[in-house]
Amino acid sequence: MLPFKQDDDHSTQATSTELVWYAAYGSNMHLDRLTCYLAGGVPPGGAHRNPGCRDPRPPRRTEAVVLPGRLYFAGESGVWTGGMAFHDPLAPDETPGRAYLLSAEQFSDLAAQEMRHPPGRDLDLRTVLATGRDQFGPGRYETLLCPGHLDGIPVLTLTAPSPATPLNAPAAGYLRHLAAGLHDAHGWSPARSADYLATRPGAAGTWTAPTVLEALHVPHAAPPPGVAAE
C-alpha cells in the first residue's frame, strides 16, 4: 500500500490536472464492478446497465489506500437494493479503499454515472482541487472530496453532501463486491472483511460477521431478515 499525502492546505495545489486517482471505498473497489462504469454493462448481481465512459480503457494503475473517515450504509440502491456505501470524512475512523489512476475525462464520466447523469461532459475540478471539497448537487455521490495526493496526483472520491439518512443495511450481492475489492486491494481474508463490514453503521444490527461470511461464501445466499432481497 502506497502512502498518500493528506492535504491540510489546498491553496498551493494545482487547480487543473489530466490524471486523477479515483478512490473507491464501496463496490467499485472490485475491478469487475468498476469496469462496468468504464466499459459499460451490468455488474454481476446488479440490475442496472451502465453506459460506460467515452474512454473505456482500464485504469492505468491501482493502489491500496486508507481514507480518513468512516464507511456507512444508507439509502436504497436501484442497482443492488439495500443500502449504499457512503463515506463520512469527519468521523473518527479509517476506511480502506482502492485507488484507480484515471484520466480526468474518465473520472468525469464515472462520476456522472454515479450521480445518475449521462456521461459525456467534463466536470469542473478546479474547486475541489483548490479547496478539497465541491458539491455538484444535493443527491447521493454528488459531493466530491480530495483528501490528498498520491505520487503528486490528486486523490478524489465521491460521497453524500452530509451523512446520508436513513441508514439501511446493504444487500448480499453488494457486500460480495466490497469483500472482493478488500481482498484484491488489501489482501483481506473473507473473515476480516466480514468483521469489518458487519460493524459499519447501517449494516450493524442486521448483519453479523457470521451472516456476512455466509453471504460471501455462498453465491446466492439470502440476506437476513430486514435486508431487501436482491
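With the structure loaded, tell me whether Leu156 is in contact (Cβ under 8 Å) with a residue 60 or more places away in the chain and assigned to a helix (DSSP H, G or I) or whether it fails that test. The answer is no for Leu156.
Within the group Ser162, Ser193, Ser189, which residue is modelled with pLDDT of 95 or more and surrounded by fewer than 21 Cβ atoms within 10 Å (Cβ to Cβ)?
Working: Ser162 fails: modelled with pLDDT of 95 or more; Ser193 fails: surrounded by fewer than 21 Cβ atoms within 10 Å (Cβ to Cβ).
The conditions single out Ser189.
Of everything in segment 158-191, what is closer than 17 Å to His87 by Cα and either of a type in the set (Gly, Ala, Ser) or touching a Cys at 6+ places or on another chain (Cβ under 7 Å) (or both)? Give them in sequence order. First the steps, then the outcome.
The initial filter retains those residues of segment 158-191 that are closer than 17 Å to His87 by Cα, namely 158-170, 174-175, 177-179, 181-182.
Passing the criteria: Ala160, Ser162, Ala164, Ala169, Ala179, Gly181.
Taking only segment 37-78 into account, find how many residues are under 30 Å from Trp207 (Cα atoms), of a type outside the set (Gly, Ala, Ser) and modelled with pLDDT of 95 or more.
The initial filter retains those residues of segment 37-78 that are under 30 Å from Trp207 (Cα atoms), namely 37, 41-50, 62-78.
Then drop every residue that is not of a type outside the set (Gly, Ala, Ser), which leaves 37, 42-44, 48-50, 62-63, 65-68, 70-73, 76.
Filter once more, so that each one left must be modelled with pLDDT of 95 or more: 37, 62-63, 65-68, 70-73.
Qualifying residue count for the region: 11.
The values are calculated or read from the model by the stated rules, or taken from the named source; none is laboratory data. Computed from a predicted structure; not experimentally measured. Backbone-built Cβ (ideal geometry, glycine too); neighbour counts: all protein chains shown.
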